[in-house]
Amino acid sequence: MKRLRSSLLIAPSAALIFLFIVLPYITVLVMSFRAPAEGQPYGEGFSLEGYTHFFNESYYAMSLPQTMFLGLLTTLVCLVLAYPVALHIAFASKRWRGFLYGIVLSPLLVGIVVRSYGWTILLGNSGVINSTLRNMGLIQKPLPLMYNDFGVVLALAHVFLPFMVLPLLSALQAMDPAITQAARSLGASRFTIFRRVTFPVSMPGVQSGCILVFVLAISSYVTPALVGGMRVKTTTLLVVDALIDQFQWPFGSAMALILAVSAGIVVLIFARLTRMKWT
Amino acid sequence: MRLATPLLTFIRVSVYVFLLAPIVIVVLASLNAGNFLTFPPQGLSLRWFWTFLQNDVFIDAIIYSAVLALCATAVSLVIGTMAALYFVRHATREAEVVRVGMLLPLILPEILTAIALLFFFYEIGIGTEHQIALFTGHVLMTLPFVFLNVTTSLQGRDESVELAARTLGASRYTAFRRVTLPLIAPGLATGGIFAFIISFDTFGISFILKGAGSAPLPIQLYDYLRFNFTPEAAAVSTVSILLTLVLVTVSDLVFGRE
C-alpha cells in the first residue's frame with residue numbers, strides 16, 4: 001500500500017519519458033528500415049535503401065568523417081581552453097570563485113542562436129575582426145574566418161566550453177590539497193606535480209567533459225548552419241535537410257542512426273584509450 | 001618557471017574574454033545607428049530597438065515563447081518535483097534507473113529527440129497541429145533541470161523534520177505543504193528559472209516541431225538571420241539577454257544563493 005502510494009510520485013514522469021522518449025526513439029529505428037516513396041514521407045514495406053544510399057553517395061558518406069573531425073577538434077580546443085580556467089577557479093579565493101563561476105556559466109544563459117549570431121558579427125568578411133585589421137592597414141583582403149571549418153570549430157568551442165569547465169571543476173575541487181602539498185614538500189616541480197598528480201586526479205572530469213562536448217558538438221545544428229553558412233556540411237545538417245526539406249524520412253532516420261552509432265564507437269574508443277572504469 | 005606564470009595568466013584572461021566577447025558584441029551591435037552591421041559603428045542610437053518594437057513578428061514571438069516557457073515550466077515543476085521526491089525518499093534498487101531516465105532528455109541529442117517526437121506524433125495522427133508536440137518537447141527539455149535542482153535541495157534536508165510534523169498529527173499533505181515545500185523552495189525556484197530559460201532559448205525542439213503559424217523567438221530570429229543583416233536582430237537578441245538577466249537577478253535577490 002505504502003509502496004503503491006509512493007510510486008504514484010514517479011508515475012507521471014515515467015509515463016512521459018516512456019511515451020515521448022522511448023517509444024519515439026523506437027519509431028526512428030523502425031522508420032530507418034522503411035521503404036522510400038515519391039511524394040510522401042515513406043512507402044509500403046521495408047528495405048535497407050536508407051542505409052545503402054548513405055554509403056553509396058559520397059556527398060553523404062564524406063560528411064561523416066568531416067563531422068567526426070569537427071567534433072574531435074572542438075573537444076580538443078575546449079579541453080585546452082577549459083583546463084587553465086578550471087584550475088584557476090578551483091584554487092581561487094572564495095570571493096573570486098563566485099564571480100569567475102558566473103563568467104563561465106553566463107554564456108549558458110544566452111540562447112544558442114544569439115551566441116552563434118555573435119560569432120557571425122565578429123568573424124564575417126566585414127565583421128569586427130576583419131574591419132579592424134583592414135582599418136589598421138594590416139590586411140587588404142578579408143581573412144577567411146567564417147563559412148569554413150575554422151569559424152565553426154571556434155564558435156562550437158565557445159558554445160560548449162562551459163560543459164567542459166564544469167566536470168573538470170568538480171573533479172579538481174574533490175581533490176585533497178594535501179596531495180599536492182605532499183608532492184611539493186617531497187621536491188617535485190610544479191610541472192611534475194601537474195603531470196603526475198593533478199592531471200591524473202582530474203581524469204574522470206576530463207573524460208566526462210570530452211564525451212559531453214563531443215556528442216553535443218556533432219549533433220548541433222544552429223552553429224554550423226549560421227557560422228558555416230551551409231558551406232560546412234555536417235551529417236546533422238544533412239539529416240535535417242533530408243527530413244524537413246526533402247521529406248525523405250527513412251533515409252533521414254538511417255543517417256541519424258549512422259551518426260549516433262559512429263559517435264558511440266568514437267566515445268567507446270576514447271573511453272578505452274583513457275581506461276575508463278564502467279561502473 | 002618565471003615565464004610560465006604570466007603566460008598562464010594571459011591564457012586565462014583570454015579564455016574569459018573569449019567567453020564573453022560574442023555576447024558583448026551582440027549588445028554593442030544593437031546600438032549601431034547605421035543600416036547594416038558595419039564596424040566601427042556609424043554612431044550610437046536606439047533606433048533598432050524602436051524598429052523591433054514595431055515589428056509584430058518579433059513581439060508575437062517573444063510573447064509566444066514566454067507563454068510556452070511558463071506552461072512548460074509549470075508542468076515540469078509539478079511532475080519533476082514529484083519525481084525528485086520519489087528519487088530521494090523512496091527509490092531503492094531502481095534509483096539509478098530513475099536518475100538516468102529523468103536525465104535522458106538532457107543526455108540524448110536534442111535534434112534527434114525532436115525528430116523522434118515528430119515521427120511519433122505523425123504515427124499517432126496528431127502531427128504538429130495544436131502545438132501539442134511542441135509543448136511536449138518543451139516539457140521534456142525542461143524536466144531534467146527541475147529534477148536536478150530539486151533533488152540537490154532535497155538531499156541537503158533532513159527527513160526527520162517531516163516525520164516530526166507527522167508525529168505531531170499533521171496529515172501527509174499538510175506536512176508536505178507546511179514543512180517540506182518551504183525547505184525546498186530555493187531548489188524549486190532555481191529549477192523553475194533554469195527550466196524557463198532553457199525553454200525560452202531551446203532551438204532544435206522548436207525548429208522541428210513548430211506547427212503552422214506563430215513560432216518561438218529563437219526560430220523567428222534564425223529565419224530572420226538567414227536573409228537579413230540589419231542590427232535589428234541584435235536588438236532582439238539584446239532584449240532576450242536582458243530578460244534572462246532580469247530573471248536571474250530577481251530570483252537571486254529573492255531566494256538568495258544556494
**OP:** Give the number of residues within the stretch A:89-106 that are at the interface with another protein chain (Cβ under 8 Å from one of its Cβ atoms) and crowded, with 21+ Cβ neighbours inside 10 Å.
**Re:** 1
Original post:
For the stretch B:31-71, how many residues meet the condition of being assigned to a helix (DSSP H, G or I) and polar (S, T, N, Q)?
Top reply: 2
Subject >> Residue count for the stretch B:227-258, restricted to those that are closer than 13 Å to A:Val114 by Cα and either within 11 Å of another protein chain (Cβ to nearest Cβ) or free of Cβ contacts under 8 Å to residues at least 24 places away in the same chain (or both) >> reply: 11
Original post:
Could we say that A:Val114 is hydrophobic (A, V, I, L, M, F, W, C), surrounded by 20 or more Cβ atoms within 10 Å (Cβ to Cβ), closer than 21 Å to A:Val153 by Cα and without any contact (Cβ under 8 Å) to a residue 60 or more places away in the chain here?
Top reply: yes
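Do you know which residues across the stretch A:28-52 are in a helix (DSSP H, G or I) and either basic (Lys, Arg) or modelled with pLDDT of 90 or more (or both)?
Those that are in a helix (DSSP H, G or I) and either basic (Lys, Arg) or modelled with pLDDT of 90 or more (or both): A:Val28, A:Leu29, A:Val30, A:Met31, A:Ser32, A:Tyr51, A:Thr52.
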Original post:
Just wondering, is there one or more residues in the stretch B:87-100 that are at pLDDT below 90, in contact with a helix residue (DSSP H, G or I) (Cβ under 8 Å, 6 or more places away or on another chain) and within 7 Å of chain A (Cβ to nearest Cβ)?
Top reply: yes
Original post:
From the list B:Phe176, B:Phe194, which residue is surrounded by fewer than 20 Cβ atoms within 10 Å (Cβ to Cβ), within 14 Å of chain A (Cβ to nearest Cβ) and under 24 Å from B:Val78 (Cβ atoms)?
Top reply: B:Phe176
Original post:
Among the residues of the stretch B:150-167, is any farther than 20 Å from B:Ala83 by Cα, assigned to a loop (DSSP other than H, G, I, E, B), more than 14 Å from the chain's Cα centre (by Cα) and not hydrophobic (A, V, I, L, M, F, W, C)?
Top reply: no
Original post:
In the stretch B:109-133, what residues are in contact with a helix residue (DSSP H, G or I) (Cβ under 7 Å, 6 or more places away or on another chain), at the interface with another protein chain (Cβ under 10 Å from one of its Cβ atoms) and not β-branched (Val, Ile, Thr)?
Top reply: B:Pro109, B:Glu110, B:Leu112, B:Ala114, B:Ala116, B:Leu117, B:Leu118, B:Phe119, B:Phe120, B:Phe121, B:Glu123, B:Ala133
**OP:** Please indicate, with yes or no, whether at least one residue in the stretch A:23-32 is in contact (Cβ under 8 Å) with a residue 40 or more places away in the chain and either more than 9 Å from chain B (Cβ to nearest Cβ) or more than 26 Å from B:Leu108 (Cβ to Cβ) (or both).
**Re:** yes
Subject >> Residues of the stretch A:186-223 satisfying the condition of being modelled with pLDDT under 85, farther than 20 Å from A:Val165 by Cβ and either assigned to a helix (DSSP H, G or I) or not aliphatic (A, V, I, L, M) (or both) >> reply: A:Gly187, A:Ser189, A:Arg190, A:Phe191, A:Thr192, A:Ile193, A:Arg195, A:Arg196, A:Val197
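The values are calculated or read from the model by the stated rules, or taken from the named source; none is laboratory data. Keep in mind that this is a model prediction, so the values were computed, not measured. We place every Cβ from the backbone using ideal geometry, glycine too, and count neighbours over all the protein chains shown.
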